[in-house]
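**Student:** Quick one: structure below, then a few questions.
The values are calculated or read from the model by the stated rules, or taken from the named source; none is laboratory data. What you are looking at is a predicted structure, and each value in this text was computed from that prediction instead of being measured. Here Cβ is always computed from backbone atoms with ideal geometry, including for glycine, and neighbour counts include all displayed protein chains. Side chains included, ligands, DNA and RNA excluded: accessible areas come from the protein's heavy atoms. Shrake-Rupley method; radii C 1.70, N 1.55, O 1.52, S 1.80 Å.
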Amino acid sequence: ASCTQGGCQRLDLSGNTRNWFLTESPDCYTNLICKGQRRLLNISNTEVYKNAHHSLGSFCFQSPQLFKKKTASLQISSVEQLPQRFSAWNIQSIRSFRTSPSFQAVPFPFFWIIVKPIQKLLAILLGRSIRNWWKALPPNKRELFKESARKNKWKILLGVSSLGVLFVVFYFTHLEETPITGRPRLLVFGKEHFREMSEIEYVMRMEEFESKILPETDARHQVVEAVFGHLSESNEDIPQISALKWVIHVVDEPGVNAFVLPNGQVFVFTGLLNAVSDLHQLSFILAHEIAHAVLEHAAEKASLVHFLDFLSLIFLTMIWAICPRDSLAVIGQWIQSKLKEFMFDRPYSRTLEAEADKVGLQFAAKACMDVRASSVFWQQMELAEAIQGQPRLPEWLSTHPSHENRAEHLDRLIPEALKIRESCNCPSLSGPDPRLIFKLNMQHLLELSKGRETPNSTKQDLSNPKLDFPHI
């Protein structure tokens, strides 16, 4: 049913909002409610308990516009208990979750690709030439040059200031408002140009994943297509969403990853489907990726990097001119690049991720999903990495917020998202809060872990668990 505000589509939730799991077999789409499928989305060693459906009911889409073409219905069997060894999260395949590709979703404009290294080389040669020229000057000419610089210091200062003013003017004349959030941001490259470049990126991705893309008849593809279709229909009042033709590609890769190109091409790895516990979590991740495309984060990040790279050319020239030896200049250049990376590039990337989380949560709320499951997903990811014994790197070293901070940030946004959900006339959320269920499960796990400690040990090492997770 259509929402009276904001063009929302209603997704009817019948049953409790506990841990829900997707099914894998295509046969379940015809007899979904009657058959209690026990396999999950290619998740090994995961049980869906036979009495779960009977005791807690079922969860299905009741939006005929969304599923009339593709599927009769989707079955989700509810589970009151944690699967043994957290197999539903497929911990063995989890390394470091990123809902964006390791590099930007689209390549930089070709001209920039060619010119950027040439600009850096010219800056190095110019700086080195200035240094050699200065060394070759006789002492008396050096003194004359210094004296001339002291006499014309105001002219030199005026020239440097004028150059700085030009950069400031360029920056403020290229500011635009971000869609939806209204945040001012620098945008150097045209959005249309970036969409054209994304077509090239799309061809590259298709060649890369040519043999790994699942057919449309695969159940996993149908699930992603159905969830994504519902999200896009529920937010069709957003011009950037309704204007694009979204195309789904499910890639048979173990990595926990998903990304959307600016031209609407969606890539979801099966590793992500193995990591999510329910449709609510999957919807939030897909909504997060839609937000990246709607907010044009790829063009924004490329614009900032291009602007900073151009500024760094000045400092690069100065480094090679001032440093007495090439070895010191190389070290200075490396320090400059790392300062730019950790002071500007990575913090800005984390800001864009947080913004995509906020807007994606709003998209999921308008689709009547249980937005509370969003923070549970990141808690699961944090726990899975802890069980794997992966080292915890400081957040400032990453381009993404830490799982813990991400969950806390979403928890602060959930009350507002619930109001949006209510304004769309969504059915009330029944059952306990999934965040509470996760917390109670973890408390019980820790208690059981302490009870099974060996007499010679005082602390259970979660990175090498020796016991099954309990049925709670």
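**Student:** Which members of region 184-225 meet the condition of being closer than 13 Å to residue 252 by Cβ, of a type in the set (Val, Ile, Thr) and part of a helix (DSSP H, G or I)?
**Tutor:** 224
**Student:** Among the residues of region 240-290, write down those that are farther than 17 Å from residue 373 by Cβ, open to solvent by less than 10 Å² (accessible area, probe 1.4 Å) and touching a Lys or Arg at 6+ places or on another chain (Cβ under 7 Å).
**Tutor:** Answer for region 240-290, where residues must be farther than 17 Å from residue 373 by Cβ, open to solvent by less than 10 Å² (accessible area, probe 1.4 Å) and touching a Lys or Arg at 6+ places or on another chain (Cβ under 7 Å): 250, 251, 264, 267, 270.
**Student:** In the list 173, 217, 178, which residue meets the criterion of being of a type in the set (Val, Ile, Thr), closer than 29 Å to residue 359 by Cα and open to solvent by 80 Å² or more (accessible area, probe 1.4 Å)?
**Tutor:** Details: 217 fails: closer than 29 Å to residue 359 by Cα; 178 fails: open to solvent by 80 Å² or more (accessible area, probe 1.4 Å).
Exactly one of 173, 217, 178 is of a type in the set (Val, Ile, Thr), closer than 29 Å to residue 359 by Cα and open to solvent by 80 Å² or more (accessible area, probe 1.4 Å), namely 173.
**Student:** Is it true that some residue in region 256-272 is part of a helix (DSSP H, G or I), farther than 20 Å from residue 399 by Cα and touching a residue at least 40 places away in the same chain (Cβ under 8 Å)? Even if it seems obvious, please write down each step before you answer.
**Tutor:** Our first condition is that a residue be part of a helix (DSSP H, G or I); within region 256-272, this holds for 270-272.
Imposing the further condition that a residue be farther than 20 Å from residue 399 by Cα reduces the set to 270-271.
If we keep only those that are touching a residue at least 40 places away in the same chain (Cβ under 8 Å) too, we end up with 270-271.
For region 256-272, residues part of a helix (DSSP H, G or I), farther than 20 Å from residue 399 by Cα and touching a residue at least 40 places away in the same chain (Cβ under 8 Å): present.
**Student:** Which condition from (1) surrounded by 19 or more Cβ atoms within 10 Å (Cβ to Cβ); (2) closer than 23 Å to residue 294 by Cβ is the one that residue 412 breaks?
**Tutor:** (1)
**Student:** If the Cβ limit is 8 Å and pairs must be 6+ apart or interchain, which residue in region 171-198 that is of a type in the set (Ser, Thr, Tyr) pairs with which residue that is modelled with pLDDT of 90 or more and surrounded by fewer than 13 Cβ atoms within 10 Å (Cβ to Cβ)?
**Tutor:** Listed pairs, sorted by first residue: 178/184.
**Student:** Now, a different point. Which one of 320, 334 is in a helix (DSSP H, G or I), farther than 27 Å from residue 185 by Cα and open to solvent by 30 Å² or more (accessible area, probe 1.4 Å)? Break it down into steps so the answer makes sense when it comes.
**Tutor:** On the way: 320 fails: open to solvent by 30 Å² or more (accessible area, probe 1.4 Å).
Result: 334 is the single residue among 320, 334 that is in a helix (DSSP H, G or I), farther than 27 Å from residue 185 by Cα and open to solvent by 30 Å² or more (accessible area, probe 1.4 Å).
**Student:** Just one of the numbered conditions (1) modelled with pLDDT of 90 or more; (2) of a type in the set (Gly, Ala, Ser); (3) open to solvent by 10 Å² or more (accessible area, probe 1.4 Å) is not true of residue 234; which one?
**Tutor:** Status for residue 234: all satisfied but (3).
**Student:** Does residue 144 satisfy the condition of being open to solvent by 90 Å² or more (accessible area, probe 1.4 Å) and out of contact with any Pro (no Cβ under 6 Å at 6 or more places or on another chain)? Before the answer, list the steps.
**Tutor:** Working: open to solvent by 90 Å² or more (accessible area, probe 1.4 Å): yes; out of contact with any Pro (no Cβ under 6 Å at 6 or more places or on another chain): yes.
Answer is yes for this residue.
**Student:** Which of the residues that make up region 370-398 are touching a residue at least 60 places away in the same chain (Cβ under 8 Å), open to solvent by 10 Å² or more (accessible area, probe 1.4 Å) and not in a helix (DSSP H, G or I)?
**Tutor:** Scanning region 370-398 gives 372, 389, 390.
**Student:** Next question, about the same structure. Of the residues in region 270-305, how many are β-branched (Val, Ile, Thr) and over 19 Å from residue 253 (Cβ atoms)?
**Tutor:** Total satisfying the criteria: 3.
**Student:** In the list 88, 105, which residue meets the criterion of being part of a helix (DSSP H, G or I), surrounded by 12 or more Cβ atoms within 10 Å (Cβ to Cβ) and either touching a Phe, Trp or Tyr at 6+ places or on another chain (Cβ under 8 Å) or modelled with pLDDT of 90 or more (or both)? Steps first, answer last, please.
**Tutor:** Numbers: 105 fails: part of a helix (DSSP H, G or I).
The match here is 88.
**Student:** Now for a separate question. Examine region 347-363 for a residue that is surrounded by 24 or more Cβ atoms within 10 Å (Cβ to Cβ), modelled with pLDDT of 95 or more, touching a Gly at 6+ places or on another chain (Cβ under 6 Å) and under 21 Å from residue 420 (Cα atoms), and state whether such a residue exists.
**Tutor:** The answer is no; no qualifying residue exists.
**Student:** Oh, and also: Quick one: residue 197 ticks every box in (1) under 18 Å from the mean Cα position of the chain (by Cα); (2) buried (at least 21 other Cβ atoms within 10 Å of the Cβ) except a single one, so which number is it?
**Tutor:** (1)
**Student:** Of these, 192, 300, which one is under 30 Å from residue 116 (Cα atoms), surrounded by fewer than 20 Cβ atoms within 10 Å (Cβ to Cβ) and among the acidic types (Asp, Glu)? Even if it seems obvious, please write down each step before you answer.
**Tutor:** Values: 300 fails: surrounded by fewer than 20 Cβ atoms within 10 Å (Cβ to Cβ).
Checking each option against the conditions leaves just 192.
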